[in-house]
Amino acid sequence: MSANLQLISFIISFIYGIIFALLTIFNFKLIANLKTIYKHLITFMYVLDITIIYIIILYHLNKGYFHIYFILTVFLGFLVGIILYKKLLSKINVKRIFKN
């Protein structure tokens with residue numbers, strides 16, 4: 001695999017980690033009021049779908065080369081996404097924006 005392709009794979013993996021973090025937070029907010037068994041089932045399906053989507057993206061990007069440091073990059077992007085959410089997005093007051 002060329003260096004350019006690895007760099008693109010790192011960038012895509014990092015961005016995917018950020019998106020994964022934000023979608024995970026959204027998923028947990030959606031299923032907060034459900035029964036425990038439904039929470040587990042929906043979370044399992046969510047993680048399965050996210051994993052399959054990531055594998056498909058890597059397959060189309062670099063013909064399916066899969067290295068452990070791509071997973072580490074996704075994990076790093078996930079942590080950055082959580083930090084971004086806590087620092088920036090959680091400070092937005094939606095009620096104030098949409099006040100009548």
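The values are calculated or read from the model by the stated rules, or taken from the named source; none is laboratory data. Everything numeric here is computed off the predicted structure, so don't read it as measured data. When we count neighbours, we look across all protein chains shown, and the Cβ atoms used for this are built from the backbone with ideal geometry, even at glycine. We work out accessible area using only protein heavy atoms, side chains counted, and drop any ligands, DNA or RNA first. Shrake-Rupley method; radii C 1.70, N 1.55, O 1.52, S 1.80 Å.
Here are a few things to note about the model shown:
- On a per residue basis, the chain carries 77 Å² of accessible surface, using protein heavy atoms and a 1.4 Å probe.
- In sequence order, calculated HN-Hα J values of the stretch 69-79 (Karplus, 6.51, -1.76, 1.60; Hz; x Gly/Pro): 6, 5, 5, 5, 5, 4, 4, 5, x, 4, 5
- Taking all pairs of distinct alpha-carbon atoms in the chain, Kirkwood radius in angstrom: 15.3
- LEU41-ARG96 FRET efficiency (beta carbon distance; Förster radius 30 Å; 0.05 resolution): 0.25
- To put it simply, the accessible area of the chain at a 1.4 Å probe is 74 percent carbon and sulfur.
- Value of relative contact order over the chain, rounded to a whole percent, pairs C-alpha under 8 Å and six or more apart: 52
- Over all orientations, the stretch 1-46 has a Cα convex hull whose mean projected area works out to 3.7 square nanometres.
- Per residue, the chain reaches -27000 deg cm²/dmol at 222 nm when only DSSP H runs of four or more residues are counted, each adding -39500 (n - 2.57).
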